[in-house]
1. Would you mind putting B:21-29, B:52-60, B:77-85 in packing order, based on average other-beta-carbon counts within 10 Å, highest first?
2. Skipping prolines and chain starts, which residues have an amide H placed within reach, meaning under 5 Å, of the one on A:Gly109, given they are 5 or more residues away or on another chain?
3. Name the residues whose placed amide hydrogens come within less than 5 Å of the amide hydrogen of A:Leu46, ignoring near sequence neighbours (fewer than 5 apart) on the same chain.
4. Have a look at B:Val13, B:Ile51, B:Ile113 and report the one farthest towards the positive end of the charge dipole of chain B, computed about the Cα centre with Cβ charges (Lys/Arg +1, Asp/Glu -1).
5. Nothing charged except the Cβ atoms of Lys and Arg (+1) and of Asp and Glu (-1): what's the magnitude of the dipole of the protein assembly as shown about its Cα centre? Round to the nearest 20 debye.
6. Please average, across the residues of B:36-44, the number of beta carbons from any other chain that are within 10 Å of each residue's own beta carbon, and give a whole number.
7. Under 13 Å from the Cβ of A:Pro25, count the other residues' Cβ atoms, weight Lys and Arg +1, Asp and Glu -1, and hand me the total.
8. Which net charge results for the neighbourhood of B:Ile113, defined as the other residues with beta-carbon distances under 12 angstrom from its beta-carbon, given Lys and Arg at +1 and Asp and Glu at -1?
Amino acid sequence: DTGVSQNPRHKITKRGQNVTFRCDPISEHNRLYWYRQTLGQGPEFLTYFQNEAQLEKSRLLSDRFSAERPKGSFSTLEIQRTEQGDSAMYLCASTLSGGEADTQYFGPGTRLTVL
Amino acid sequence: AQSVAQPEDQVNVAEGNPLTVKCTYSVSGNPYLFWYVQYPNRGLQFLLKYITGDNLVKGSYGFEAEFNKSQTSFHLKKPSALVSDSALYFCAVRAFTSGGSYIPTFGRGTSLIVHP
């Protein structure tokens, strides 16, 4: 058990609906990352936070995607007006900056299926 | 820009035999290199990393990896494979640059199948 939790584990939605995922990192970790993983691919970076500040976003990230980490603890990833191409596994990872040189600890992921 | 190549989609090995999963990278400056393992319907689990120092890095579950700067490679190895090692393995790289990005780039993954 890595200590990073994600909810829900699975989400099935219809195209055009909004969905929100939650990530709870390891409590002392100050950096939190979101990735998307599709079949046959490695994790693709979406965005990351240091404490509550969103420091970097992928250029591939559509404006339908938004992420927050309001108190520097848990984070949410929202996808608005979902499309079938959004179907993927969404992974969250956390790390302690200045600690073990950026070893990222991953959660189990949220699998999104857009019908 | 940084990139990772895992040239083999799948590696097959018999239980008890040594295994190698290949990884090559491209990065500006010195690299941080990582190996992760993913079991079905699970997140990635950290195996080992190279930051600096000894080129041979030892990690979890008996795995090790050798950093080769001239060949820009970081191959994952294990002397004796177990059926339970069957999983998806990902190599990742991040450039070590002061004030630079903390974003790692992952390879596409290699499926390791260990036959009894």
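We did not get these values from a lab; they are worked out from the coordinates using the rules stated. Just so it is clear, the model here is predicted, and its values are computed rather than measured. Here the Cβ is made from the backbone with ideal geometry for all residues, glycine too, and neighbour counts use every protein chain on show.
1. Numbers: B:21-29: 17.7, B:52-60: 12.3, B:77-85: 15.1.
Sorting B:21-29, B:52-60, B:77-85 by mean packing, highest first, produces B:21-29, B:77-85, B:52-60.
2. A:Gln6, A:Cys92
3. So A:Leu46 has HN proximity to A:Trp34, A:Tyr35, A:Arg36.
4. B:Ile51
5. Numbers: 23 positive and 20 negative charges, 106 e Å.
Computed about the Cα centre, the dipole is about 500 debye.
6. Details: counts 6, 0, 7, 0, 0, 6, 5, 16, 13.
Across B:36-44, the average partner-chain Cβ count within 10 Å equals 6.
7. Values: positive: A:Arg22, A:Arg31, A:Arg69, A:Lys71; negative: A:Asp24, A:Glu28, A:Glu52.
In short, +1.
8. Values: positive: none; negative: B:Glu8, B:Asp9, B:Glu15, B:Asp85.
For residues surrounding B:Ile113, the net value is -4.
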